[in-house]
Structures are given as structure tokens and as C-alpha cells.
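Worksheet for the structure shown next.
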Amino acid sequence: MSLLLEDLVKIVDGELEGDPTLEIIGVGGVNDVENRELTFAQNPNYLDKALASPASAIIVTHECETVPNKALIKVDNPRLAFAKIAQNFTPELFKIDQIHPTAVVADDVELGDDISIGPNVTIESGSKIGDGARIAAGVYIGSQVSIGDNTLLHPNVVINAETKIGSEVIIQAGTVVGSDGYGYESTDTEHYKVPQLGDVIIEDKVELGANVTIDRAATGSTIIGEGTKVDNLVHIAHNVKLGRNCLVIAQVGIAGSAQLGDWVTLAGKAGVIGHLTVGDNVTVAAQSIVTKDVPSDSFYSGYPARDHKSEMRVKAARRKLPNLIKELNKLKREVKELENKIDSSPNE
Amino acid sequence: MSLLLEDLVKIVDGELEGDPTLEIIGVGGVNDVENRELTFAQNPNYLDKALASPASAIIVTHECETVPNKALIKVDNPRLAFAKIAQNFTPELFKIDQIHPTAVVADDVELGDDISIGPNVTIESGSKIGDGARIAAGVYIGSQVSIGDNTLLHPNVVINAETKIGSEVIIQAGTVVGSDGYGYESTDTEHYKVPQLGDVIIEDKVELGANVTIDRAATGSTIIGEGTKVDNLVHIAHNVKLGRNCLVIAQVGIAGSAQLGDWVTLAGKAGVIGHLTVGDNVTVAAQSIVTKDVPSDSFYSGYPARDHKSEMRVKAARRKLPNLIKELNKLKREVKELENKIDSSPNE
Amino acid sequence: MSLLLEDLVKIVDGELEGDPTLEIIGVGGVNDVENRELTFAQNPNYLDKALASPASAIIVTHECETVPNKALIKVDNPRLAFAKIAQNFTPELFKIDQIHPTAVVADDVELGDDISIGPNVTIESGSKIGDGARIAAGVYIGSQVSIGDNTLLHPNVVINAETKIGSEVIIQAGTVVGSDGYGYESTDTEHYKVPQLGDVIIEDKVELGANVTIDRAATGSTIIGEGTKVDNLVHIAHNVKLGRNCLVIAQVGIAGSAQLGDWVTLAGKAGVIGHLTVGDNVTVAAQSIVTKDVPSDSFYSGYPARDHKSEMRVKAARRKLPNLIKELNKLKREVKELENKIDSSPNE
């Protein structure tokens, strides 16, 4: 495929310096871009590499000067503009514009227009698939599930019964949504399973990575807010409420009934204990464990997690510990000597 | 469906206050229960909410007084009673009472009565499926596997060859049982794979969460004891022996040949180093790493994990470290001054 | 099956003491080996158990003396020799020597000789499967994927489009290769998805455990070097480069664009922050987080990870902290008393 430079400029509302009729056939990072393709330089520091590359066009910031051999598209945020243009060169994954004959789809499933349902997919009774949805091979969709428009499920995803998934959601391979929450009533003789009667709601524009697990609520709903992006191998327990536009990095675990606000970032391997409230605009550093409520606009780290700056001071001090012990022992000896000196002083 | 109150009371061996012929059509948590449904109040503190809800019946403790508008079921443990009654209103997942025509089942597989085998399931030669077992879509069962009565495998579970699974076991979606253990003999030039010749034994009433991995033994068996409940994304390595009625919370990892007793709780993200022995009734706090044997009836935390109270004291003291350094430096100066004072004292 | 002892000796280039025509019918660990089978004793300490077992033959080191009732195979490394011989008694998993009729294989897929493609496998257009490859049930292989000779994919593995997999690779069940990297360009209103245009290269003799996730590069390639062995539930982000013969233990996470050398060992639950460089022959202890570049031939631990010995000293000192605070407070009181004594001394 190819697109004219003048059309690409319109996509990103940019300013063109170069031939508007130039045909661009692809995009690439600065290290692997080719001739007739487009790349970007996020700031002037990266420009030299882009200029030395075989790229025919470069997305740059407005302050960038005209160069002889490359077309330039000037924008406020080159990386964002590149992402938007790149999407136009990316094939629509798993688009087959048919229901594959090996798919097992219950008679009463409500199917939208322009959908793709891959090989060996199972869709149970009472479910609804929105327009333009793409369901890749091996996906399981339980009964009474709703999938919004243009949502994409990668291969071997499992969506258990009654889950509600919004529009433009992406769920990557192997992820399980709507598994039973981990709920038992323990007696002296056994852990008795508490039926998990609730569901999961995945709002619009959410992305879930690969091999993620999101448990259904005990009663009510586990909720992943609009625009939130979840990385691989994340665990989200029953009745968690994740706000909008959160970033949940790989291998994070969020325990039951925790409530997180909007624009929360949980860095890799972080954990949140159950039944806590985390405010808006909170960042939790990698491998930190949140053990009590976190106010909005905080940066927390450590275990138990607390104010990051304070934790950094503790971490720095911690390294001085072996030396500290030596110094304290030395000081004890000095004080002992002083005591002796005073006690033996003639005027005592 | 609906059940008479008098029948529900029998299930939990409770005491009824109210109309025994009342028809109950469902159950719900106190926040989402509806009219003609049943909810519970674990203790008198929660009773007000239940009374204010539209529920027609409430499970309460024996000390609870009669109320005018609600039927009451009095029991010792309302949550446990609720769980037992709720199970009667929960549809049996993945029950299709047939072998789906797309399933690929080897000719010699021994099939029990009343089984459900979903779409695109594969069951290899020499395996045996117990009465009432439900095998959901996309499950793979290798050769020489045995699955006990009333066991439930969620979609896309993989059970590799020779695994033995007991009765009333639940394995949630995406979980892999019987993957090869991580065993290599390392030389100067390579890590040579050591064939993993053993198997996995999952005893009765075990539940495994979603996307769990349980490796087969190098030789002998990896064993998950009866009644043990494993949460999502847990890793259990080859030759681990987990006792009965353990709770293994999300993202825990147990390294090879570790042996754990009965009623052990490993909180989220905890780890156990290989070849260790952990006694009965042990609790390990979240994200703690067990690096040496743990005696029975212990509560351990930290890395290396040790007695929880002692670790809590260290954690509290740790926060005082930056201040401690300041105080030590101040004290050093004071001692220096004292020294100077003494040294300059006239009678020295 | 059975093999003559003289043939087994040739496989491991060993020295035989015993009847070369003895037929061996299997192998086993010292605790579960049976008559007419072979076991091993890695060093003389383990020999007693092997001698007391029903094994007919034992692999031992050269210094071992002749014994009356057992055949001995003497080698430099008994465990390695046992692994090599055991492989000859291990059935070739998932070998069906056919393309199962339920598999959905695109017309233009290039298929090698002697391949096995299991039930409900999907292989998309433009892909190539090498000689002797075994693709188990439920595997998804996207378009333009290449799979090398004798490579083995366990059930329900997902290999997304354009991935390149070498020869003699093993990928265990539920693992996802080529999921989109976690890349967003964040604005005030959303996290905009950055198309992930790169691929994944898995070199020869790599093994990936179960439910692992390996993301495709943003541009360029995510690379797993030859002979590297990855355990279960590991996350490898986009553009990571893992060198040759690395050991990556369960639940490790490696963030984007990190570059690791050869013979690196990351113990369980360790993490590597993005864009770092880790040298050759580096070991990182369990649950440690690497936050800056690590030179070759290092042993790092802690968070932030640093020299292991130094971290061990800090860990030991940390336990003394509560006592340290008491001692410091005691010393402060003593110094105060000294001050008082001096101040009240008559000659001041």
C-alpha cells in the first residue's frame, strides 16, 4: 500500500515541507526505516540519525529547520503523530470478514456487521458481538457476553459468561476475563468455595496484554475503566475497580475490592492489598506493595509503600547500615573511655 | 428457578423465622440483592444494610432478633450458609450433557456418565474421564490422564500426559498442568535438557485459578494436596509437594522440590526457594521469600522470611534510619566536644 | 522399548563394567527406579541409595569401584549422561506424523517433512514449518511465521505473525510469542497506542516454559539468544535482547529494550528495568530488581540490585536495626550524663 504525503499530513494536522504528492509506502523506527518510508525524530537530538537514514520523510517538531533531501512533517508531538500515521500502514490483525466454518456460534448470538470470527472460536448462547469486532482463532466467549464495536480479541482469549466488554477494546492472547474470584469461607475442616455471582465490565478503549487474569466479582462487578492499559501477566482480583486511563505494568497484582482512581500508574510487579482506596494521579514504583489508602497526586514506593522521596532516603541510608554499626561501636568505646577518664580524674 | 425457604433452611441446618413456603428466586450481596432474593449479614454490624435492602430473606447469626418484614435463617456462620445456598442458584458452568461433535476424543478414552465435553476439546489415548466431569471448550488432555468425578476444567486448560486429577477439582481457564519442569544439566557449552519423567497429582477438591502453571516432576510426582486452593498466575515447580487445605494466593512462586505441610497460607507474590520444608499451619506474608525451613505454626515475612513480629520491628526501625544517621552524627560531634573539653580541662 | 547396555554406553562415551548385552527397559530417579532400569549417582555420596535400589545399571563417576550386582557406566558427569540416555526412553511428545483433519492450514504454508500438526491448530498464510516440527493441539501460528526443524510447540501456544523461531526450540503450553509491546504515547486525554511494527526472533535450542509472554518489538526485533532457557510465567517486553545460554527463572520480568549478555542467570521473580545493559556471566538473585547497568561477571542482588556480598552485609545489618536504635538511645543518655558531670565539675 502507499499513501500520499499530503494525506498523511492531514491525519496529524501537521505542516508539510516537501512534495505533497510523494508516495509513502511504510513507516519505520530510525534504525530500520527504508527508502520511501517515513520515520520521526521526537526532538532535535534524534534528528541526525533520522537525516542519515534512508527515510524519505521525517516527522519533526516545529523548530526543526528545512533540510534538502527529506520531506518534513512538523507537529507538536512527533511520536504521537508517528503512532497515528503508523496505524494506517498496519494491517488489521485477524480480519477475515467471515465467520470461519469451524467456529461454533450459538444460534441466538447477535452478530454485528463486518465481523471476523476465526477458526475454532466458541460463542455461547445469548451473547452479542458488535460491528467490526474481530475474534481470533481459539477464543472462547461464554453466554450472555457483550462485545462492543471494533473490539479485537487475540487468539485463545477466554471471556467467561456475562462479561461486558466495550468498544475499541484490545485483549491479547491467552488472557482470561471473568474467572471466578478467589473466595472461600474457611472452617476447621475445609475452605468452602463461595460462588462468584458477579461479572466483569471492561470499558471502551481498554487494552489488556497477554496471559492477564481478571476475576469476576463475588457480587456486583469488577470494573476496568475506559482507556486503561494493562500489560502482560497482570492479576486483577474480584471486585477491583480500576479507574480511567490507568497504566498497569507487567506482573502487577491487585487484590480483591481495591479501588483505584483515574490516571493511576502501577509499575511492574507492584501490588495493591485488598479493600484499599488509591486516589487519582497516583504512581506506585516497581515491586512496591500498597498496604494502606493512597491519597491522590502521590508517588509511592517501597513495602509498605509510602512517599517515594522518603523511601528513597531510607533506601540510601540502608546502604550505610554496616558502616553505621561500626561507627556506633566505635563511639561506644570512645564514650566508655571518656567515662573512665572523668571517673579517674583527680577532682572527682 | 425458585426454591422454598423451608428447603433452603435444611441445606444449612438453620433455624427459620418466617414463612416456610416463601419462594426464593435468587441470592445477592447486600448491595445488589433484589426482592424475593436472599442475602446475609455476617454479624449484627452488617444487619442494617441487609434490613434496608429489598431482600426477602436474610441469613443471620442466632443472636439476631426477629424483624417484621424479612424472613430470617439463623445459623452459626451466615457467610458459609450463604455460600452453600448460593451454590443451589448457580448454574452448572459448561454443562452441555454431550460430547460436542467438534471434540477429538481418542477411541479408547474411558468416559463416565453424565459428562460434558465442549467444542474443540482434545482427549488423547488411554485417558479416563470420571462421572459428571465437565470439560469446557478448547481444553487439551494428554494421554494416560485420569480426571475424577464431577471435576470441572474451564476453557483452554492444558493437562499434559499422565496427570492424575481427583474428584470435585476445579481448574480455571488457561491453566497448564504437567508442563516440563525446569531442569538442565549445564556444561561449558550448553544447558542440556534433563527429561522430566515424572507426573502431577492433583488431589480431590483442589481448585486452581486462571493461567496457573504446575510442572511435572523430574521423576516421581508433583503433588497438590486435597482441598488446597491456588489463585491465578501461580507457579509451582517440579517435585513440589503442597499439603492439604493450603491457600496459595495470586502470583506466588514455589521452586523445585519444596515440601509444604497442611493449612499453609502463602500470601500474594510470596516465594519459596527450592528443596525447603515448610511445616503445617504456616502463614507467609505477601511478597516474602522463604529461604530456609519454616517450623509449623509460624507466621513469617520479609526476604529472607523470618518471624513476622520480628520483621515488623525491623520494618518500623528501618523508617527511622535517615534520622538515626543524623542522630549518630550529632552524638559523634557531642562526644568530640566532650573530649576537647576534658582534654583542655586545667587539671589534666 | 528396550536398549542394550552397550548402545547406551556409546551414547554417553562411557566406560562399561557389566554385561554389554543387558537389556535396559527404562530409566528412573534413585527413589522410583525399577528392575531392568538405569539410574545414576552424581557423586559417591549418592551411590548407596542407587546400590540399594532395584536398578540393574547405574551411571557413576570414574572413581567408583566395581560392585557385584549392578552394571556400571562410568562417565565424567553422571547427571548429564543420565539426561542423554533418558531422552532415548522418552516418547516424542505430540508426534502424530500427520496433519490432523481438524487443523486449519492456509494453502500456501510451506510444510517440511515428518511434521505433526495436531487437532484444531491454525496456521495462517505465508508461514513455513521446518522438518520434524511438532505442533500440538490448539496452537495458533500467525502469518509469515517461520518455525525451524524439530521444533516443538505444546498445546494452545500462540505465535503471532512474523515471528521467527529457530530449530530444536521447545515452547510449552499457553505461551504467547509476538504479543504487542506495551507502547503508548500519553497525552492529557488518553494513552494513544503506538503500533508495534517489529517482530520476535527465537534462536535455536531455546526453551520457553508455560504461560510465558514475549512481546514483539516496537520496530526491529525482540531476540531470545540461542540456547537460552526461560521458565514459566516470565514476561519479556518489546525490544529486549537476551543473549545466548541465559537462564531466566519463573516469574522474572524484563522491561523494554533491556539488553542482556550471554550466560546470564536471572533467578525467580527478578526484574530488569528498561533500556539497561547487563553484561555476560551475570547472576541476579531472586526477586532482585536491576535498576542500572551491570558489568560482566557480576553477582547482583537487592532492590536496587548491587554487588551481592555488599547486599548480604546490609541484609545482616538490617536485622540489628531495632537493637541499634536502643543502643544509640542508651549512648545518648550516657553522653548526656557525662556532659552533666563535666558541667557540674568544680573546676569548670
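Residue-wise test of (1) over 23 Å from C:Gly148 (Cβ atoms); (2) of a type outside the set (D, E, K, R).
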position	(1), (2)
C:Thr66	yes, yes
C:Val75	yes, yes
C:Asp108	no, no
C:Gly112	no, yes
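Does A:Glu37 meet the test of being modelled with pLDDT of 95 or more, over 27 Å from the mean Cα position of the chain (by Cα) and of a type in the set (D, E, K, R)? So A:Glu37 passes the test. Among residues of the stretch C:312-327 that are farther than 14 Å from B:Arg319 by Cα, those with a beta-carbon under 8 Å from a residue that is not in a helix (DSSP H, G or I) at least six positions away or on a different chain give the pairs C:Met312/C:Ser301; C:Val314/A:Arg319; C:Val314/C:Gly302; C:Lys315/B:Pro304; C:Lys315/C:Gly302.
Screening the candidates B:Ser296, B:Ser288 for the property of being closer than 17 Å to B:Gly268 by Cα, of a type in the set (Ser, Thr, Tyr) and assigned by TED's automatic domain parsing to the domain that holds B:His235 yields one hit, B:Ser288.
You will find that of A:Thr90, A:Thr61, A:Thr122, the residue that is of a type outside the set (D, E, K, R) and under 19 Å from A:Glu17 (Cα atoms) is A:Thr61 and no other. Taking the stretch A:289-307 as the range and being open to solvent by 70 Å² or more (accessible area, probe 1.4 Å), touching a strand residue (DSSP E or B) at 6+ places or on another chain (Cβ under 8 Å) and over 30 Å from C:Met312 (Cβ atoms) as the test, only A:Asp293 passes.
For residues in the stretch B:293-343 being assigned to a loop (DSSP other than H, G, I, E, B) and touching a Leu at 6+ places or on another chain (Cβ under 9 Å), which is modelled with the highest pLDDT? I'd like the intermediate steps shown before the answer.
Narrowing the stretch B:293-343 to residues assigned to a loop (DSSP other than H, G, I, E, B): B:293, B:295-298, B:302-305, B:319-320.
Right, trim to touching a Leu at 6+ places or on another chain (Cβ under 9 Å) and you get B:293, B:320.
Numbers: B:Asp293: 98, B:Lys320: 92.
Taking the candidates together, the pick is B:Asp293.
Restricted to strands (runs of 3 or more DSSP E) entirely inside the stretch A:1-67, those with at least 2 residues that are in contact with a Gly (Cβ under 8 Å, 6 or more places away or on another chain) are A:37-40, A:57-61.
For B:Gly178, indicate whether it is out of contact with any helix residue (DSSP H, G or I) (no Cβ under 7 Å at 6 or more places or on another chain), within 22 Å of B:Gly253 (Cα to Cα), touching a residue at least 12 places away in the same chain (Cβ under 8 Å) and not in a loop (DSSP other than H, G, I, E, B). Give the steps one after another, and end with the answer.
Values: out of contact with any helix residue (DSSP H, G or I) (no Cβ under 7 Å at 6 or more places or on another chain): yes; within 22 Å of B:Gly253 (Cα to Cα): yes; touching a residue at least 12 places away in the same chain (Cβ under 8 Å): yes; not in a loop (DSSP other than H, G, I, E, B): yes.
Against the criterion (out of contact with any helix residue (DSSP H, G or I) (no Cβ under 7 Å at 6 or more places or on another chain), within 22 Å of B:Gly253 (Cα to Cα), touching a residue at least 12 places away in the same chain (Cβ under 8 Å) and not in a loop (DSSP other than H, G, I, E, B)), B:Gly178 qualifies.
Within the stretch A:308-330, is even one residue open to solvent by 10 Å² or more (accessible area, probe 1.4 Å), in contact with a Ser or Thr (Cβ under 7 Å, 6 or more places away or on another chain) and not polar (S, T, N, Q)? Within the stretch A:308-330 (the criterion being open to solvent by 10 Å² or more (accessible area, probe 1.4 Å), in contact with a Ser or Thr (Cβ under 7 Å, 6 or more places away or on another chain) and not polar (S, T, N, Q)), the answer is yes, since at least one residue qualifies.
Taking first residues from the stretch B:92-118 that are within 14 Å of another protein chain (Cβ to nearest Cβ) and without any contact (Cβ under 8 Å) to a residue 12 or more places away in the chain and partners that are in a loop (DSSP other than H, G, I, E, B) and crowded, with 18+ Cβ neighbours inside 10 Å, the Cβ contacts under 9 Å between residues at least 6 apart in sequence or on separate chains come to B:Pro101/B:Pro119. Restricted to the stretch C:92-110, and to residues there that are buried (at least 16 other Cβ atoms within 10 Å of the Cβ) and within 29 Å of the chain's Cα centre (by Cα), the residue that is nearest to C:Val30 (Cα to Cα) is C:Leu93.
One residue stands out among those in the stretch A:244-269 that are part of a loop (DSSP other than H, G, I, E, B) and away from chain C (no Cβ under 13 Å): the one that is nearest to C:Lys193 (Cα to Cα), which is A:Gly261.
Checked against (1) within 17 Å of the chain's Cα centre (by Cα); (2) in a strand (DSSP E or B), A:Leu233 meets all criteria but (2). Taking the listed residues B:Pro54, B:Pro44, the one that is in the same structural domain as B:Asn69 (by TED's automatic domain parsing), farther than 19 Å from A:Gln196 by Cβ and in contact with an Asp or Glu (Cβ under 6 Å, 6 or more places away or on another chain) is B:Pro54, with no other qualifying. Can you confirm whether B:Thr222 is assigned by TED's automatic domain parsing to the domain that holds B:Ala285 and touching a Cys at 6+ places or on another chain (Cβ under 7 Å)? No.
In the stretch A:170-181, which residues are of a type in the set (Val, Ile, Thr), within 14 Å of chain C (Cβ to nearest Cβ) and buried (at least 24 other Cβ atoms within 10 Å of the Cβ)?
If we filter the stretch A:170-181 for residues that are of a type in the set (Val, Ile, Thr), which is where we start, we get A:170-171, A:175-177.
Among the residues that remain, those that are also within 14 Å of chain C (Cβ to nearest Cβ) are: A:170-171, A:175-176.
Matches in the stretch A:170-181: A:Ile171, A:Thr175, A:Val176.
Suppose the filter is under 23 Å from B:Glu185 (Cβ atoms), open to solvent by 10 Å² or more (accessible area, probe 1.4 Å) and not acidic (Asp, Glu); does C:Lys193 pass it? Walk me through it before giving the result.
Details: under 23 Å from B:Glu185 (Cβ atoms): no; open to solvent by 10 Å² or more (accessible area, probe 1.4 Å): yes; not acidic (Asp, Glu): yes.
Criteria not met by C:Lys193.
For the stretch B:270-285, the set of residues classified as more than 14 Å from chain A (Cβ to nearest Cβ), surrounded by fewer than 19 Cβ atoms within 10 Å (Cβ to Cβ) and closer than 17 Å to B:His308 by Cβ consists of B:Gly279 only.
Going by the conditions given, is C:Ile201 open to solvent by 30 Å² or more (accessible area, probe 1.4 Å) and of a type in the set (Val, Ile, Thr)? Before the answer, list the steps.
On the way: open to solvent by 30 Å² or more (accessible area, probe 1.4 Å): yes; of a type in the set (Val, Ile, Thr): yes.
Considered against the rule, which asks whether it is open to solvent by 30 Å² or more (accessible area, probe 1.4 Å) and of a type in the set (Val, Ile, Thr), C:Ile201 comes out as yes.
Being open to solvent by 10 Å² or more (accessible area, probe 1.4 Å) and either more than 8 Å from chain C (Cβ to nearest Cβ) or not hydrophobic (A, V, I, L, M, F, W, C) (or both) is a description that does not apply to B:Gly142. Taking the criterion of being touching a Cys at 6+ places or on another chain (Cβ under 8 Å) and either closer than 24 Å to C:Ala173 by Cβ or among the hydrophobic types (A, V, I, L, M, F, W, C) (or both), would at least one residue in the stretch A:244-263 satisfy it? Among the residues of the stretch A:244-263, at least one is touching a Cys at 6+ places or on another chain (Cβ under 8 Å) and either closer than 24 Å to C:Ala173 by Cβ or among the hydrophobic types (A, V, I, L, M, F, W, C) (or both), which makes the answer yes.
B:Leu197 passes every criterion in (1) modelled with pLDDT of 95 or more; (2) within 8 Å of another protein chain (Cβ to nearest Cβ) apart from (1).
Scanning the stretch C:68-91 for residues that are outside any strand (DSSP E or B), more than 14 Å from chain B (Cβ to nearest Cβ) and open to solvent by less than 50 Å² (accessible area, probe 1.4 Å) returns a single hit, C:Lys70. Residues in the stretch B:182-192 that are more than 7 Å from every other protein chain (Cβ to nearest Cβ) and among the charged types (D, E, K, R): B:Asp188 only.
Only one entry of B:Glu124, B:Glu110 meets the criterion of being in contact with a Lys or Arg (Cβ under 7 Å, 6 or more places away or on another chain), at pLDDT 95 or above and farther than 26 Å from B:Met1 by Cβ, and that entry is B:Glu110.
Scanning the stretch A:331-340 for residues that are open to solvent by 80 Å² or more (accessible area, probe 1.4 Å) and within 10 Å of chain B (Cβ to nearest Cβ) yields one hit, A:Glu337. Mind listing just one residue for me: the one in the stretch B:149-159 that is open to solvent by less than 10 Å² (accessible area, probe 1.4 Å) and outside any strand (DSSP E or B) and, of those, nearest to B:Gly227 (Cα to Cα)? Out of the qualifying residues, it is B:Thr151.
The values are calculated or read from the model by the stated rules, or taken from the named source; none is laboratory data. Keep in mind that this is a model prediction, so the values were computed, not measured. Cβ: placed from backbone, ideal geometry, glycine included. Neighbour counts: every protein chain shown. We work out accessible area using only protein heavy atoms, side chains counted, and drop any ligands, DNA or RNA first. Shrake-Rupley method; radii C 1.70, N 1.55, O 1.52, S 1.80 Å.
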